Amino acid sequence: MDEARAVIVGGGVAGASIAYHLTDLGWTDVVLAERSALTSGSTFHSAGLVGQLRSSVSLTRMMMYSVELYRRLQAETGVDPGWHEVGSLRLASSAERMEELQRLAGWGRTFGLPLEIVSTKEALGRFPLFDPDGVLGAAHLPTDGYVDPSGLTMALAEGAKRRGCRILTGARVTGMDMRDGRVHAVTFDGRDPIRTDVVVDAGGIFANQLGRMAGVEVPVVPFAHQYLLTEPINGVHPGLPTLRDPDRLVYFRAEAGGGLVAGGYERNPAPWAWDEEGPPAGFNNTLLPEDWPRFEPLAEGCFRVIPAMQSAGVVRMINGPEAFTPDGEFILGESDVRGFFVATGFCAHGIAGAGGVGKVMAEWIARGQPGLDVWKMDLRRFGRHYRSRTHARDRASEVYATYYDIHYPGEERRAGRPLKMAPTYARLVGLGAEFGEKAGWERPNWFRTNEDERFEELRPRGWAGQHWSTAIPAEHLATRERAGLFDETSFAKIEVSGPDACSFLQRICANDVDVASGRVVYTQLLNAHGGIECDLTATRLEQERYLLVTGTAFGPHDLGWIRRQAGPQDDVQVRDVTSSLACLALWGPRARDILSTASPADLSSPGFPYMSQRDIVVGDVPCLALRVTYVGELGWELYPPMEFALRLWDVVIEVGGPFGLVPAGYRAIDSLRLEKGYRAWGADITPEETPLEAGLGFAVKLDKGEFTGREALRRAMAEAPSRRLSCLVVSDPRSVALGNEPVFADGEVVGRVTSGGVGYTVGKSIAYTYLPADLAAVGTSLAVEVFGERVDAEVAPDPLYDPRGERIRS
Ligand SMILES: Cc1cc2nc3c(=O)[nH]c(=O)nc-3n(C[C@H](O)[C@H](O)[C@H](O)COP(=O)(O)OP(=O)(O)OC[C@H]3O[C@@H](n4cnc5c(N)ncnc54)[C@H](O)[C@@H]3O)c2cc1C
């Protein structure tokens with residue numbers, strides 16, 4: 001049988017880039033298999049715009065790398081990718097849009113992207129054809145541009161070929177041969193199978209069909225995406241920057257012949273072949289029929305932005321399908337099936353992203369790590385509910401239709417809700433819960449019944465004040481002064497059991513989890529570089545049984561990571577038990593008084609110390625009780641079997657009433673945890689940071705024996721960390737950083753906000769950021785740019801609230 005070290009399926013820009021980068025890492029025995037011809041999928045009909053500034057740090061870095069690569073590809077491969085570094089303009093036709101641009105410009109600065117805000121006049125100087133009426137200014141990024149999608153793919157394929165990659169065209173993959181839960185071989189139509197340990201599904205809109213061959217669900221949803229090409233227009237030349245007017249939902253670039261390419265994101269998107277069957281097997285080098293009625297609102301937008309288009313004839317309309325995703329982010333990474341990788345769902349940014357995608361995927365395959373924090377793009381972020389094609393379609397439709405909208409922080413999506421509900425759901429609705437959604441779960445953000453007009457003066461300025469309620473400070477303060485009851489049933493819960501449960505967890509956790517039964521340990525799980533892959537609590541329930549509790553959205557990710565660490569020698573079972581246990585957290589100085597009214601258990605500190613677990617009864621409800629906190633107060637997380645959850649809620653609310661207990665939501669938690677300095681995975685801590693840099697050295701036990709990441713930490717410990725997660729206090733308590741704002745020292749960017757918000761007890765606007773060690777001393781004067789305005793800030797003690805932890809141990 002033919003063999004290869006890796007088989008990449010799909011000869012579009014993504015597959016070619018992965019082949020290019022994998023061979024660059026020395027994996028020369030690689031096959032790129034395409035059922036038709038190279039670039040015969042979505043790639044051939046792309047508009048080719050390349051914009052770099054994106055919604056997440058890592059994605060922006062990937063796009064920046066793409067540009068770097070596209071600049072040098074011709075010299076390296078001899079094939080011209082048609083890269084035009086003409087710059088880009090993004091117009092602001094409303095005051096809110098201008099604010100968004102200011103925010104983007106600040107963010108861009110943290111990457112060293114030369115993004116600047118320019119006047120309408122200056123923008124006109126660069127692109128004289130747009131109508132300045134109503135335009136307030138623009139963002140200009142001189143290193144953006146456009147590329148020829150087919151040329152780019154061919155250049156990447158050539159680079160791969162020169163390093164030994166075999167490119168098979170006319171090679172339709174028909175199945176995956178699996179052995180022991182991992183990939184073993186790829187089978188073809190009319191061709192010998194290829195034995196391999198690694199398959200990359202780069203099938204674009206066909207990625208789900210390919211995935212299902214390996215039992216992997218890939219929730220891509222094809223949408224018809226359209227643009228038109230005009231006849232030559234006076235003044236259009238290939239050096240014009242690309243132009244976007246998000247308020248009119250449209251984008252433009254010049255064509256070599258002097259015409260314009262004009263496309264956009266319509267409000268009534270058209271999912272195509274999205275159902276179980278998926279797109280037809282022979283759909284290559286093919287377009288969809290022109291859909292003029294659907295383009296009409298975009299055409300109006302085009303005419304409004306570029307009046308000269310009204311008299312220009314249309315050469316042709318391109319309507320092609322593209323792979324979108326339920327949350328508008330790429331889908332990358334290794335699936336639960338060992339050796340089966342996926343790279344798809346580029347949401348009309350696959351050309352811009354291809355360079356970075358290829359690099360990240362190659363590192364993931366060859367080195368086991370993507371090299372960047374790509375959690376937001378990780379295939380494992382999708383829970384089981386995305387097996388529903390209608391759910392995936394509805395979510396993706398909403399994302400597509402609102403693509404160009406301003407997305408205010410704290411905004412909640414609406415499609416496909418409610419889906420997953422805790423047993424208390426109806427009760428919480430009755431209490432006026434304002435729900436948010438995470439990983440399909442409905443979770444109370446706050447309760448309207450707690451609103452209190454006296455707190456209106458605390459409303460943050462600008463965007464941060466948009467999705468905000470006076471109930472947030474009310475619930476925060478009630479928790480600090482009396483008690484709050486939080487439904488955290490959505491927490492992901494994982495049981496690790498078996499004779500080797502302890503030794504296995506000792507090997508993958510940085511903290512010492514070989515503790516007595518009934519102890520709770522806060523720990524990180526590290527990668528080989530010491531970066532934080534998971535952040536959770538591990539409770540030893542019995543000698544051979546642990547309960548791990550992690551964030552709502554991280555269940556599939558953490559489960560996948562943990563399972564992957566288990567070798568054949570480990571006699572352990574790793575089970576997702578999220579659905580079997582509810583979780584109600586009762587926190588606040590009166591928590592003990594409240595709970596003892598309903599429970600005979602010894603809740604005193606000697607009887608039930610901080611970071612311990614007991615089986616107790618509350619009312620008539622049996623609960624696993626953990627004395628832990630994410631808000632910095634005395635309290636318990638109560639885990640009853642799911643069917644008891646509503647009863648438990650009612651009991652606690654009833655007995656808590658006389659003590660001033662309030663139902664409280666996630667936004668209060670966020671404010672409480674911030675002033676207490678508790679880290680959030682995915683924001684403050686990621687696979688790119690070590691616990692030492694994150695100020696979590698207290699949770700690392702280097703001397704407990706071997707564990708993953710230990711050597712890296714040992715080496716790092718030999719030197720003082722070069723950067724540290726630091727707590728900043730922003731001088732104006734109503735200027736609130738929301739994440740990603742640049743931090744300045746003496747006018748130079750020195751950091752980026754990881755988490756920000758208001759601590760209502762300390763009465764301060766708080767922002768966490770990684771700072772170079774020499775700037776991390778308490779009292780250092782800095783500035784944070786909030787919506788284009790630099791606000792003074794100072795490095796403060798971390799944490800600001802109860803630094804000695806007296807409240808949690810009380
Ligand atoms: C109208 C339009 C405009 C766009 N404009 C832009 C833009 O301006 N900027 C930008 O960045 N992006 C843009 N995009 C998006 C971009 O074109 C895509 O993201 C990108 O081309 C996707 O590349 P891919 O390699 O993932 O998929 P594809 O190019 O679709 O490649 C997938 C390949 O897999 C092959 N395949 C599938 N099944 C099998 C099988 N069983 N065996 C073997 N091979 C198989 C297919 O034949 C296909 O060639 C646009 C898209 C459209 C539709």
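Values as computed for the structure displayed
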item: Cα→Cβ-extended label distance, 7 Å offset, between Asp650 and Arg267, nm; result: 4.5 nm
item: Hz values of 3J(HN,Hα) by residue in the stretch 420-430 - Karplus curve (6.51, -1.76, 1.60), Gly and Pro given as x; result: 9, 10, 5, x, 7, 3, 4, 5, 5, 4, x
item: Using a Förster distance of 22 Å, the FRET efficiency for Leu287-Ala37 (Cβ separation, nearest 0.05); result: 0.90
item: Cα-based reach from Lys764 at 17 Å (exclusive), listing lysines while leaving out same-chain residues under 8 positions away; result: Lys676
item: Whole-Hz ³J(HN,Hα) from phi, Karplus 6.51 cos²θ - 1.76 cosθ + 1.60, for the stretch 708-720, glycine and proline x; result: 4, x, 5, 4, 4, 5, 4, 4, 5, 6, 4, 10, 5
item: For Arg482, solvent-accessible area (1.4 Å; no DNA, RNA or ligand), Å²; result: 80 Å²
item: Computed label-point distance, nm, for sites Lys704 and Ser119 using a 7 Å Cα→Cβ extension; result: 6.2 nm
item: Spin-label zone in the stretch 83-112 - amide nitrogen under 11 Å from a point set 7 Å from the Cα of Val749 along the C-beta vector; result: 104-112
item: Relative contact order (percent, whole number), the chain, Cα cutoff 8 Å, 6+ residue spacing; result: 12 percent
item: Relative contact order (percent, whole number), the stretch 177-223, Cα cutoff 8 Å, 6+ residue spacing; result: 25 percent
item: 17 Å reach of a label modelled at Asp131, 7 Å along Cα-to-Cβ, counting backbone N of the stretch 267-304; result: 296-304
item: Length released on extending from Ser781 to Ser605, taking residue separation times 0.36 nm less the Cα-Cα span; result: 59.3 nm
item: Lysines with Cα under 17 Å of Lys161, excluding same-chain neighbours fewer than 8 positions away; result: Lys359
item: Solvent-accessible ranking of Ser596, Ser397, Ser781, largest area first, probe 1.4 Å; result: Ser781, Ser596, Ser397
item: Residue order for Ser810, Ser671 - accessible surface, 1.4 angstrom probe, largest first; result: Ser810, Ser671
item: Modelled FRET efficiency - R0 56 Å, Asp189 with Gln466, Cβ distances, 0.05 increments; result: 0.60
item: Computed lengthening from Glu453 to Thr597, 0.36 nm per intervening residue step minus Cα-Cα distance; result: 48.6 nm
item: Placed amide H near Gln573: partners under 5 Å, 5+ positions off or other chain; result: Ser497, Gly498
item: Reachable lysines, given that their alpha-carbon falls under 25 Å from the alpha-carbon of Lys420 and they are not under 8 places away in the same chain; result: Lys376, Lys438, Lys493
item: Over the stretch 271-370, relative contact order from alpha-carbon pairs under 8 Å, at least 6 apart, %; result: 18 percent
item: Long-range HN-HN contacts of Arg752 with modeled amide H, under 5 Å; result: Val743, Tyr770
item: Under the Karplus curve 6.51 cos²θ - 1.76 cosθ + 1.60, θ = phi - 60°, whole-Hz ³J(HN,Hα) for the stretch 97-107, x wherever Gly or Pro sits; result: 5, 4, 4, 4, 5, 4, 5, 4, 5, x, 4
item: Where labels lie 7 Å past Cα in the beta-carbon direction, separation of Ser731 and Asn234 in nm; result: 5.3 nm
item: Val429/His407 FRET efficiency (R0 22 Å; Cβ-Cβ; nearest 0.05); result: 0.30
item: 5 angstrom amide H check on Asp452, placed H, neighbours 5+ away; result: Thr470, Ala471
item: Loop sites in the stretch 456-513: GluC sites (Glu not before Pro), DSSP, at most 13 other Cβ within 10 Å; result: none
item: Linear extension gain, Ala528 paired with Val577, 0.36 nm per residue minus alpha-carbon span; result: 14.9 nm
item: Mean projection area, nm², convex hull over Cα of the chain; result: 33.4 nm²
item: Centroid-to-centroid separation of the stretch 714-742 and the stretch 333-378 [C-alpha atoms, Å]; result: 28 Å
item: Area of Ile117 that stays accessible when all protein chains are in place (1.4 Å probe, Å², to 10); result: 60 Å²
item: Positive minus negative residues near Ala712 (Lys, Arg vs Asp, Glu; Cβ under 13 Å); result: -4
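The values are calculated or read from the model by the stated rules, or taken from the named source; none is laboratory data. In this text, all values refer to a predicted model and were calculated from it rather than measured experimentally. Counting neighbours? That spans all protein chains shown, and the Cβs are built from the backbone with ideal geometry, glycine included. Heads up: the accessible areas ignore ligands, DNA and RNA and are worked out on the full protein's heavy atoms, side chains in. Shrake-Rupley method; radii C 1.70, N 1.55, O 1.52, S 1.80 Å.
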